[in-house]
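K.L.:
Quick one: structure below, then a few questions.
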Amino acid sequence: METRFATSFQPTTLAAAAVALWLAAKLLKAFTARKRELYPPGPRPKFLIGNLLDLPSVISPMAFAEWEKKYNSPLLHAEVFGRHILIVNSLDDAIALFERPERARIYSDKPEFPVLDMMGMDINVGMMPYGEHWRKHRRVSHQNFNIQAALQYEPVQAKHVRNLLQNILDSPARFHDHNKLYSAAITLSAMYGYEVKSIDDPCVTLADEALRLTSQLITPGGSIINVIPALRHVPAWFPFAYSKRTAEKAKAMTEEILRIPLEHVKRNFERGTVSPSLVTNFYERKLAVGASEEEEMVIKNVAYTVYGAGSDTTASLTYTFVYLMTVHPSIQRKAQEEIDRVVGSSRLPALADRKALPYVEAVYREVLRLYPPLPLGLPRATSEDDVYDGYFIPKGTTVFTNIWAMSRNERDYPDPSRFDPERHFTNGQLMDEKALAYGFGRRKVGCVGRPMASNTVWLMMVSILYAFTITKAKDEDGNDVQVNDQFLSIGIMTHKQPFECAFHPRIPGIRQLIAEA
Ligand code: HEM
C-alpha cells in the first residue's frame, strides 16, 4: 500500500500530509483524554508541544528526582506532542507495576521508536516489543545466562581479568583504555570466541559510535521521528533530516558489528580452530543435530544484544569502582584485609571465594547502588490503558524506571550519597536485598544477564583489590592530583568522567601469579 502511494506522490508531500493528520488525531485524542481522566502529577503541558521544553535535553534521573520534590509525587507524568511519559521514582511503584502479575503484562511492552528500526536495532532483545518474538529470545537468554549456565563463562572471565591486571601492571596510566578493552573483550569472547586485542578493533570503535548515536536518538527529545513517525519517509538528503541521516549511519554500523564476529566464527570453523562461545557452541550443535533458521536468528540476535548490553555497563562499573576506591582508601583497605585473610597471597581470587568475602560483596553492591550504569533502566511502554493508584495511564505511555532515585531514597539508604558498604549489613550479616541496578520485571528478573554480569564485575573488583593499592596520582611536586568527581550521561548510560589515579602492586610475584594462573 505504502509503495503504491509513493510512486504517485513526492515523499515530502506524503510526509507532510501524514504529519498533519497524525498531529490532528493525536491532539484530539490528548485533549479528550485529558478531560476524561486524571494523569499523575507533573509539569503543565503547553499547547501542541506538551512538556517538550520541560524535559531535560540530556536524560537525567536527577531532574526527575527533583520533579518528585516539586510535584510532591514519586509517580510523574509528562507528554510531548500528545505522547505520554510516566516516570517511576519509587521502588514500591516499580514492583507494583513491573513485577506483580496483575500489571506486569501491561507494563512490559516497548515504546515505538521508529528510529530504532531504521537503525537496524530492532534485533536488540531489550528493545523488542513484548510478545512471542521477544519471548523466544528471552528464553534462549535465560537458558544461557541463568545462575548455573553463567558459570560456564568463568574461564573467559578469569582470562580477561588476568589480561586486565597485566595491562595495568604494564601501563597503569592507560587504565581507561585497558578497561574499555577488557569490557569489550569479555563479551565478544564469550559470545563469539572473538579475541579483541586492542581498542582500535573495528568491533569496539563501531560499537562505541553506534551506541552514542542510538543513545542520542532514543531519549525523549532525541528525535522528532519518535514523536511524528511519518517523518521517517522524509528523504535523508532533506536539509533537516538529521535523525534520518544519523539512523542510516548507525544502521551501517550495526550491520558491521553483526558481520565481523560472525565471519570470524565462520573462518575459525573452516580452519578447525573454534573456541567455545555462545555462537560457536550453537553452530557445533547445528552441525551435529541440525537447527532451524529461526533458532539461528535468535542466537545471533542474543549474541549481538549481549555485546551491546554487557560491554558498556561493565566498563561503566569498572571505572566507577576504581574511582570510588581512589577516594575511599579506608574502605579499600578493609576489603583488602578481608581478601588477604581468605585468599592469601599465593593464588589469584576466584568466583568460588565470593561467599567467603561479604565485605567485598558489600563494596560491589554499594558501587551498583550509587552509580547504576543505566540509571533510568531501559524504556518501557504500556500495552493497555490502566488506572493505577487513582491515576490514568494510557496505552502506549513510555515508562522510565528511575533506578537512580530509588537507590538514593533516604528512607532505605540514610545519607544516600555517601559511599558506605556497611549499610548492606544488619547485625554483621549481609542483608537480603534487591539489586536495583539490574532493573525490574519483563517477567521478573529485569536484566536477564545479571548472573553473568554480576560474576564479571565482582571478579574484576576482587582481582584489582587483590593485586593493587589504588591511590590518588601525584604531580611533579609530589602533591596529590585532584580527582575529577564528575559523571557523564551519554544517552541512557552513565559513565565516570576520566580521572587520574595510581596503581601500586601489593602482592610480591604478581606477574608470575598472573602468568601461571
Ligand atoms: C554489567 C552490568 C549490567 C547492568 C547494570 C545491566 C542492567 C540492565 C538493566 C537495568 C536492564 C533493563 C531491565 C528492565 O527492563 O528494567 C537490562 C536489560 C538487559 N540486560 Fe543487562 N545489565 C548488565 C549486563 C548485562 C549482561 C552481561 C548481559 C548479558 C549476558 C545483559 C543482558 C541484558 C538483556 C538481554 C536485557 C534485556 C532484557 C529484556 O528486555 O528482555 N546485561 N540490563
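The values are calculated or read from the model by the stated rules, or taken from the named source; none is laboratory data. A quick note: this is a predicted structure, and the numbers were derived from the prediction, not measured. When we count neighbours, we look across all protein chains shown, and the Cβ atoms used for this are built from the backbone with ideal geometry, even at glycine.
K.L.:
Of (1) hydroxyl-bearing (Ser, Thr, Tyr); (2) under 18 Å from the mean Cα position of the chain (by Cα); (3) at pLDDT 95 or above, residue 469 satisfies all except one. Which?
P.N.:
Going through the list (1) hydroxyl-bearing (Ser, Thr, Tyr); (2) under 18 Å from the mean Cα position of the chain (by Cα); (3) at pLDDT 95 or above, residue 469 breaks only (2).
K.L.:
Hey, any hits in region 203-224 for a residue that's touching a Leu at 6+ places or on another chain (Cβ under 9 Å), assigned to a loop (DSSP other than H, G, I, E, B), more than 30 Å from residue 152 (Cβ to Cβ) and among the small types (Gly, Ala, Ser)?
P.N.:
Yes, region 203-224 has at least one match.
K.L.:
Among all residue pairs at least 6 apart or on different chains, which show Cβ distances below 7 Å where the first residue, located in region 68-83, is on the phi > 0 side of the Ramachandran plot and the second is part of a helix (DSSP H, G or I)?
P.N.:
Pairs that qualify, where the first residue is on the phi > 0 side of the Ramachandran plot and the partner is part of a helix (DSSP H, G or I), are 81/26; 81/227; 82/26; 82/27; 82/29; 82/30.
So that you can scan it fast, the table gives a plain yes or no per residue for (1) in contact with a Ser or Thr (Cβ under 6 Å, 6 or more places away or on another chain); (2) charged (D, E, K, R); (3) within 20 Å of residue 457 (Cα to Cα); (4) part of a helix (DSSP H, G or I):
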| site | (1), (2), (3), (4) |
| --- | --- |
| 246 | no, no, no, yes |
| 259 | no, yes, no, yes |
| 274 | yes, no, no, no |
| 307 | yes, no, yes, yes |
| 330 | no, no, no, yes |
| 336 | no, no, yes, yes |
| 340 | no, yes, yes, yes |
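K.L.:
I'm told residue 265 meets every condition in (1) touching a Ser or Thr at 6+ places or on another chain (Cβ under 9 Å); (2) farther than 29 Å from residue 140 by Cβ except one. Can you identify the failing condition by its number?
P.N.:
The one condition residue 265 does not meet is (2).
K.L.:
Can we say residue 364 is farther than 27 Å from residue 216 by Cβ, of a type in the set (Ser, Thr, Tyr) and modelled with pLDDT of 95 or more?
P.N.:
Judged against the criteria, residue 364 is a match.
K.L.:
Related question: If you go through region 178-216 one residue at a time, how many are of a type in the set (S, T, N, Q), within 15 Å of the ligand (Cβ to nearest atom) and at pLDDT below 90?
P.N.:
Qualifying residue count for the region: 2.
K.L.:
Of all residues being within 15 Å of the ligand (Cβ to nearest atom) and charged (D, E, K, R) in region 282-326, which is modelled with the lowest pLDDT? Just the residue, please.
P.N.:
The residue in question is 312.
K.L.:
Another one. Go over the candidates 267, 347 one by one and state the one that is basic (Lys, Arg) and under 24 Å from residue 515 (Cα atoms).
P.N.:
Exactly one residue qualifies, and that residue is 347.
K.L.:
Could you list, in sequence order, the residues of region 43-76 that are exposed (fewer than 14 other Cβ atoms within 10 Å of the Cβ), within 18 Å of residue 402 (Cβ to Cβ) and among the charged types (D, E, K, R)?
P.N.:
66, 69, 70, listed by residue number.
K.L.:
Checking residue 426 against (1) buried (at least 21 other Cβ atoms within 10 Å of the Cβ); (2) free of Cβ contacts under 8 Å to residues at least 60 places away in the same chain; (3) β-branched (Val, Ile, Thr), only one condition comes out false. Which one?
P.N.:
Here residue 426 meets the rest and fails (1).
K.L.:
Within region 159-172, can one find any residue that is among the polar types (S, T, N, Q) and within 10 Å of the ligand (Cβ to nearest atom)?
P.N.:
no
K.L.:
Condition (residue is touching a Ser or Thr at 6+ places or on another chain (Cβ under 8 Å) and assigned to a helix (DSSP H, G or I)) applied to region 292-302: is it met by at least one residue?
P.N.:
yes
K.L.:
Please enumerate the residues belonging to region 381-407 that are under 12 Å from residue 38 (Cβ atoms) and small (Gly, Ala, Ser).
P.N.:
390
K.L.:
Still on this structure, I have one more. Check region 402-416 and report whether any residue there is touching a helix residue (DSSP H, G or I) at 6+ places or on another chain (Cβ under 8 Å) and more than 27 Å from residue 322 (Cβ to Cβ).
P.N.:
The answer is no, given that none of the residues of region 402-416 is touching a helix residue (DSSP H, G or I) at 6+ places or on another chain (Cβ under 8 Å) and more than 27 Å from residue 322 (Cβ to Cβ).
K.L.:
For region 443-489, how many residues meet the condition of being under 20 Å from residue 405 (Cβ atoms) and within 16 Å of the ligand (Cβ to nearest atom)?
P.N.:
Adding up the residues that qualify gives 4.
K.L.:
Scan region 384-399 for residues that are of a type outside the set (D, E, K, R) and away from the ligand (no atom under 14 Å from the Cβ) and jot them down.
P.N.:
Matches in region 384-399: 387, 388, 390, 391, 392, 393, 394, 396, 397.
K.L.:
Determine which single condition residue 175 fails, assuming it passes every other condition in (1) within 14 Å of the ligand (Cβ to nearest atom); (2) in contact (Cβ under 8 Å) with a residue 40 or more places away in the chain.
P.N.:
For residue 175, the exception is condition (1).
K.L.:
Taking strands (runs of 3 or more DSSP E) that fall entirely within region 356-406, which contain at least 2 residues that are surrounded by 19 or more Cβ atoms within 10 Å (Cβ to Cβ)?
P.N.:
Of the strands (runs of 3 or more DSSP E) lying wholly inside region 356-406, those with at least 2 residues that are surrounded by 19 or more Cβ atoms within 10 Å (Cβ to Cβ) span 398-401.
K.L.:
Next question, about the same structure. Tell me yes or no: at least one residue of region 109-121 is within 14 Å of the ligand (Cβ to nearest atom), at pLDDT 95 or above and not hydrophobic (A, V, I, L, M, F, W, C).
P.N.:
So far as region 109-121 goes, yes, one or more of its residues are within 14 Å of the ligand (Cβ to nearest atom), at pLDDT 95 or above and not hydrophobic (A, V, I, L, M, F, W, C).
K.L.:
Scanning region 418-442 for residues that are among the hydrophobic types (A, V, I, L, M, F, W, C) and within 8 Å of the ligand (Cβ to nearest atom), which turns out nearest to residue 97 (Cα to Cα)?
P.N.:
Looking at the filtered set, the residue picked out is 440.
K.L.:
I want to confirm something. Restricting to region 254-301 and keeping residues that are free of Cβ contacts under 8 Å to residues at least 40 places away in the same chain and within 23 Å of the chain's Cα centre (by Cα), which single residue is nearest to residue 194 (Cα to Cα)?
P.N.:
259
K.L.:
Yes or no: residue 236 surrounded by fewer than 18 Cβ atoms within 10 Å (Cβ to Cβ), part of a helix (DSSP H, G or I), of a type outside the set (Asp, Glu) and without any contact (Cβ under 8 Å) to a residue 40 or more places away in the chain?
P.N.:
No: the conditions fail for residue 236.
K.L.:
Separate question: Among 457, 448, which is among the β-branched types (Val, Ile, Thr), touching a residue at least 40 places away in the same chain (Cβ under 8 Å), in a loop (DSSP other than H, G, I, E, B) and in contact with a Ser or Thr (Cβ under 9 Å, 6 or more places away or on another chain)?
P.N.:
None of the other options fit; the residue is 448.
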